[in-house]
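The values are calculated or read from the model by the stated rules, or taken from the named source; none is laboratory data. Please read all numbers here as calculations on a predicted model, not as lab measurements. Please note: Cβ atoms are built from the backbone with ideal geometry, for glycine as well, and neighbour counts cover all protein chains shown. Ligands, DNA and RNA are excluded from the accessible area calculation, which covers all protein heavy atoms including side chains. Shrake-Rupley method; radii C 1.70, N 1.55, O 1.52, S 1.80 Å.
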Amino acid sequence: MFERFTDRARRVTVIARDTARELGHAEIGPEHFLLAITTEGQGAGAKALERLGIPLVDISSAVRARIGTGPHTGLDQYPLATGTRKALEIALQESLDLGHAHIGTEHILVGIMKEVQNVAAQVLLSKGLEIGQVRREALLTPATPPPTATTTLMTLARNLDDGTAEIVGRRPDIDLVLQVLSRRARNVALLVGDPGVGKTSVAVGLAQAVARGEVPERFRGRTVLRLDVTALFTDPRHHGRFTEVMAELVGDVLRSSDLVLFLDNALSVVRTREGQAEALAFFRPVFDVPGISVVAAAGSADHRRWERDSGLDRRIQPVPVAEPTPEDVLQILRDARQRLVDHHEVVITDEALAAAARLAHGYLPGHALPGAAIDLLDEASAHVRSGPVAPGTTPSVTEDAVTRTAGTSAALPVAPRPPVLSPPVPHDPTVWAMS
């Protein structure tokens, strides 16, 4: 079922989960989905309610008043309530009955109303709405169809709001990116930093903020897509036709709306039959399109080697991405620990996390935290798992194991990193702040 969800329906699902967590509820009910639809505010379901004359804020207030708050906070899992599953099954059936290839917020809204025993349906009925009325407005009124996965963009790009772990310690960077994207000129944000510093994490954090609605109004409801341009021109499937693929991608972006495009490795030099240029230059036609914002990323070395093009340079605002604070690095490692534990089937101690953060620079000179520390933990876990293990026991990754894995490289001098930018753009909290 969930593979049929549109990007907007997936965002609503994430908001519903976060709303359940915020309110201290142990499961995700239909009421959380209705709150998510009104919070996201841009989907077909929300637009149908507005066309029926029901202010979204009134629905949100009424639902919150009915369900209140609970004691369950910080749970690891937030399962779907029985009523939610029934509502989503109805949404799927509505989609199939109408011959739709997707499940959008409009189908979910109808499913909530038809599953009449839930609080969300009762609130909508109390506003004078009828099921048939909502179904006609949400499903039978012609609307712009959602983007399909058959376009080159949707085939080659990846949605960054894909349920990854919550990004830690990047709020100032996300705020600064939003500030740049809000500008009239120089509104292409270029994230610059050493390998492993977390440039992609900033983009993922931006996608999560968009999904939660914690962004300025103009960015709410947008899809955040990641496109690795280096992977494109090294893929043998595109050999000899890179120019054509890029033209198709740009054409798809120009036909899109409500989009934030994250271009990784954007300053990589691309050689074509016509010559060579930075990959970012191919996307110049989309820089001025309303409803489309571009965030790019490049390594410090690529940025230093970049031969400035006067036209492109005037559009780009570099945003330096530095290593997280030691406290944030440890929190990031704690978040990454479970993924490594599940993969390697080991136990990773807190002391091992601290050792990885301390020794990572020597283990991977030239690579920054937190990426270097995660790589060191991954290697130490693989080394421990490949060793002898007593039957019925789970091997542990300890501080000693991490130190042994780092080896003598931990003592190697690390050349100082040159500054990547000068000067950085000051963050103006009056433009936008998430804190």
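With (1) among the small types (G, A, S); (2) crowded, with 24+ Cβ neighbours inside 10 Å; (3) without any contact (Cβ under 8 Å) to a residue 12 or more places away in the chain as the list, and G45 as the residue in question, which single condition is left unmet?
(3)
Might you let me know whether region 158-176 holds any residue that is surrounded by fewer than 19 Cβ atoms within 10 Å (Cβ to Cβ) and polar (S, T, N, Q)?
Yes; the residues of region 158-176 include at least one that is surrounded by fewer than 19 Cβ atoms within 10 Å (Cβ to Cβ) and polar (S, T, N, Q).
Taking region 106-153 as the search range and keeping residues that are among the hydrophobic types (A, V, I, L, M, F, W, C), over 24 Å from E27 (Cα atoms) and in contact with a helix residue (DSSP H, G or I) (Cβ under 8 Å, 6 or more places away or on another chain), which one is modelled with the lowest pLDDT?
The extreme case among them is A149.
Looking at A81, A48, which is the one that is touching an Asp or Glu at 6+ places or on another chain (Cβ under 6 Å) and under 21 Å from V134 (Cα atoms)?
One residue alone meets the criteria, A48.
Which residue pairs have Cβ atoms under 6 Å apart, sit 6 or more places apart or on different chains, and have a first residue in region 108-125 that is within 16 Å of E89 (Cα to Cα) and a second that is in a loop (DSSP other than H, G, I, E, B) and open to solvent by 10 Å² or more (accessible area, probe 1.4 Å)?
Once the first residue is within 16 Å of E89 (Cα to Cα) and sits in region 108-125, no partner that is in a loop (DSSP other than H, G, I, E, B) and open to solvent by 10 Å² or more (accessible area, probe 1.4 Å) comes close enough.
Look at D18 and say whether it is open to solvent by less than 30 Å² (accessible area, probe 1.4 Å) and modelled with pLDDT under 90.
yes
If you check A382 against the conditions, is it open to solvent by 20 Å² or more (accessible area, probe 1.4 Å), in contact with a helix residue (DSSP H, G or I) (Cβ under 6 Å, 6 or more places away or on another chain) and in contact (Cβ under 8 Å) with a residue 24 or more places away in the chain?
Taking the combined requirement at face value, the residue does not satisfy it.
Name the one entry in R184, R237 that is open to solvent by 20 Å² or more (accessible area, probe 1.4 Å), farther than 27 Å from G43 by Cβ and assigned to a loop (DSSP other than H, G, I, E, B).
Checking each option against the conditions leaves just R184.
For region 319-339, give me the residue count where each residue is more than 29 Å from A380 (Cα to Cα) and either free of Cβ contacts under 8 Å to residues at least 12 places away in the same chain or surrounded by fewer than 20 Cβ atoms within 10 Å (Cβ to Cβ) (or both).
0
Which is out of contact with any Lys or Arg (no Cβ under 9 Å at 6 or more places or on another chain) and within 28 Å of P216 (Cα to Cα), of V14, V57?
Going through V14, V57 in turn, just one is out of contact with any Lys or Arg (no Cβ under 9 Å at 6 or more places or on another chain) and within 28 Å of P216 (Cα to Cα): V57.
Going by the structure shown, is A411 hydrophobic (A, V, I, L, M, F, W, C), at pLDDT below 90 and open to solvent by less than 20 Å² (accessible area, probe 1.4 Å)?
no
Would you be able to tell me the number of residues in region 345-371 that are assigned to a helix (DSSP H, G or I) and within 19 Å of E166 (Cα to Cα)?
Total meeting the criteria: 2.
Determine whether D342 is free of Cβ contacts under 8 Å to residues at least 12 places away in the same chain, open to solvent by 60 Å² or more (accessible area, probe 1.4 Å), farther than 15 Å from I167 by Cα and assigned to a helix (DSSP H, G or I).
yes
Check A9 against each of (1) open to solvent by 40 Å² or more (accessible area, probe 1.4 Å); (2) closer than 22 Å to A207 by Cβ and name the one condition it does not meet.
Of everything listed in (1) open to solvent by 40 Å² or more (accessible area, probe 1.4 Å); (2) closer than 22 Å to A207 by Cβ, A9 misses just condition (1).
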